[in-house]
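Participant: Pasting a structure here, questions to come.
The values are calculated or read from the model by the stated rules, or taken from the named source; none is laboratory data. Remember, predicted model here, so these are calculated numbers, not experimental data. Cβ sites come from the backbone with ideal geometry, for glycine too, and all protein chains shown count toward neighbours.
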Amino acid sequence: MDGKRILLIVGGGIAAYKSLELIRLLAKEGIATRVILTKSGAEFVTPLSLGSLSGDKVYQELFNLTDESEMGHIELSRSADLVVVAPATADLMAKAANGLANDLASTTLLATDKPVLMAPAMNVRMWEHAATKRNVAQLQADGVHVMTPDTGPMACGEFGPGRLPEPERIAQEIRKLLAPPKGQGPLAGVRAVVTAGPTREPLDPVRFISNHSSGKQGYAIADALARLGADVRLVTGPTQLPIPNTVTGVKVETALEMQDAVKANFPADIFISVAAVADWRPAT
Ligand SMILES: Cc1cc2nc3c(=O)[nH]c(=O)nc-3n(C[C@H](O)[C@H](O)[C@H](O)COP(=O)(O)O)c2cc1C
């Protein structure tokens with residue numbers, strides 16, 4: 001992801017502080033972030049914190065002669081690969097859904113031709129309000145990627161959907177949107193087989209021998225190869241993880257089934273075997 005650039009719009013929600021963690025996570029992967037902070041956003045997080053973590057100027061005003069001569073509001077989104085709004089407040093989403101452009105954030109959202117990802121965060125009643133539902137539907141119809149907010153206890157004391165998705169989940173969505181389209185990238189045309197997770201050796205219809213392998217490493221490797229353009233077969237034992245939508249998953253239970261599935265998916269240019277194959281199986 002080295003060299004990719006995000007334009008991050010931070011809106012006026014209590015979860016604005018989580019945008020700091022998001023910038024840090026992206027920086028670890030070589031993704032640079034430039035920030036637009038709304039007037040309300042600045043009530044919750046300082047431009048100093050955002051600027052220190054992003055290592056860049058934080059843009060706040062539409063009518064700022066210096067900003068306009070250095071980096072016009074149109075250029076702000078032109079220089080990014082993706083525009084991310086986090087937290088996307090009810091107000092920011094309403095403005096974007098209706099094409100309003102009365103501050104730097106909303107004007108940039110209307111002026112951009114780059115993909116836009118919104119990570120909503122608001123009180124559960126705001127999220128479930130008919131107006132917000134209409135706005136989300138409109139944004140999606142306009143091609144905006146709107147994440148589903150997390151569900152849980154809220155700063156306002158209520159419980160339900162409306163929490164900002166955790167920064168790691170937003171980062172994952174960003175990676176997905178920045179990845180080259182299928183069939184493109186440095187590993188385009190390369191076929192990879194990856195094994196992951198444990199295997200399960202039945203002793204009888206109820207009991208089995210297995211281990212605590214989570215499958216996380218193999219799934220992450222498979223996903224990373226796919227994002228570089230490889231055609232990936234992920235042969236996996238039973239795990240709690242969803243198969244990444246970038247790969248073709250082959251689910252197996254036993255070591256012998258895993259062996260058969262791997263052979264069936266050969267030949268491959270790359271074979272990465274990180275499954276924790278059971279050491280034992282019953283003789284009969
Ligand atoms: C303490 C406090 C917390 C708020 N939290 C949220 C929030 O999480 N989500 C939201 O949509 N609005 C929230 N609001 C309301 C927004 O700040 C308000 O609608 C503002 O105009 C949004 O500005 P923006 O368009 O720059 O995001 C909050 C307001 C206050 C006073």
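Participant: Note down all Cβ pairs under 9 Å where the first residue falls in the stretch 76-94 and is closer than 27 Å to Gly3 by Cβ and more than 8 Å from the ligand (Cβ to nearest atom), the second is among the acidic types (Asp, Glu) and at pLDDT below 95, and they're at least six residues apart or on different chains.
Facilitator: Here the result reads Leu76/Asp67; Ser77/Asp113; Arg78/Asp113; Val84/Glu173, each pair linking the stretch 76-94 to a residue that is among the acidic types (Asp, Glu) and at pLDDT below 95.
Participant: In addition: How many residues are in contact (Cβ under 8 Å) with a residue 12 or more places away in the chain and either away from the ligand (no atom under 12 Å from the Cβ) or charged (D, E, K, R) (or both) when one looks only at the stretch 95-106?
Facilitator: 4
Participant: Just give me the residues in the stretch 102-115 being closer than 19 Å to Val58 by Cα and outside any helix (DSSP H, G or I), in sequence order.
Facilitator: Within the stretch 102-115, Asn102, Asp103, Thr112 qualify.
Participant: Kindly indicate which of Gly30, Gly51 is away from the ligand (no atom under 14 Å from the Cβ), modelled with pLDDT under 95 and either part of a helix (DSSP H, G or I) or in the same structural domain as Glu75 (by TED's automatic domain parsing) (or both).
Facilitator: From the options Gly30, Gly51, the qualifying one is Gly30.
Participant: Can you list residue pairs whose Cβ atoms sit under 6 Å apart, with the first residue in the stretch 114-128 being of a type in the set (Gly, Ala, Ser) and the second being assigned to a strand (DSSP E or B)? Count only pairs 6 or more apart in sequence or on different chains.
Facilitator: Filtered contacts from the stretch 114-128: Ala119/Ala86; Ala119/Ala88; Ala121/Pro87.
Participant: Here are Val250, Val232: which of them is within 22 Å of Glu173 (Cβ to Cβ) and part of a strand (DSSP E or B)?
Facilitator: Val232
Participant: When you go through (1) of a type outside the set (A, V, I, L, M, F, W, C); (2) in the same structural domain as Val83 (by TED's automatic domain parsing); (3) free of Cβ contacts under 8 Å to residues at least 40 places away in the same chain; (4) assigned to a helix (DSSP H, G or I) one by one for Thr132, which number turns out not to apply?
Facilitator: For Thr132, the exception is condition (3).
Participant: Can you pull out every residue in the stretch 57-69 that is acidic (Asp, Glu) and touching a residue at least 12 places away in the same chain (Cβ under 8 Å)?
Facilitator: The one that is acidic (Asp, Glu) and touching a residue at least 12 places away in the same chain (Cβ under 8 Å): Glu61.
Participant: From the list Asn123, Asn64, exactly one residue is at negative phi, within 14 Å of the ligand (Cβ to nearest atom) and in the same structural domain as Gly160 (by TED's automatic domain parsing). Which is it?
Facilitator: Asn123
Participant: In the stretch 246-272, what residues are touching a residue at least 60 places away in the same chain (Cβ under 8 Å) and touching a helix residue (DSSP H, G or I) at 6+ places or on another chain (Cβ under 8 Å)?
Facilitator: Passing the criteria: Thr246, Ile270, Phe271, Ile272.
Participant: For the stretch 179-189, check the following and say yes or no: at least one residue is within 16 Å of the ligand (Cβ to nearest atom) and touching a Ser or Thr at 6+ places or on another chain (Cβ under 9 Å).
Facilitator: No, the stretch 179-189 contains no residue that is within 16 Å of the ligand (Cβ to nearest atom) and touching a Ser or Thr at 6+ places or on another chain (Cβ under 9 Å).
Participant: Considering (1) part of a loop (DSSP other than H, G, I, E, B); (2) at negative phi, say which one Glu173 fails and leave the rest.
Facilitator: (1)
Participant: Determine whether Pro165 is assigned by TED's automatic domain parsing to the domain that holds Leu25 and either modelled with pLDDT of 95 or more or in a loop (DSSP other than H, G, I, E, B) (or both).
Facilitator: The answer is yes for Pro165.
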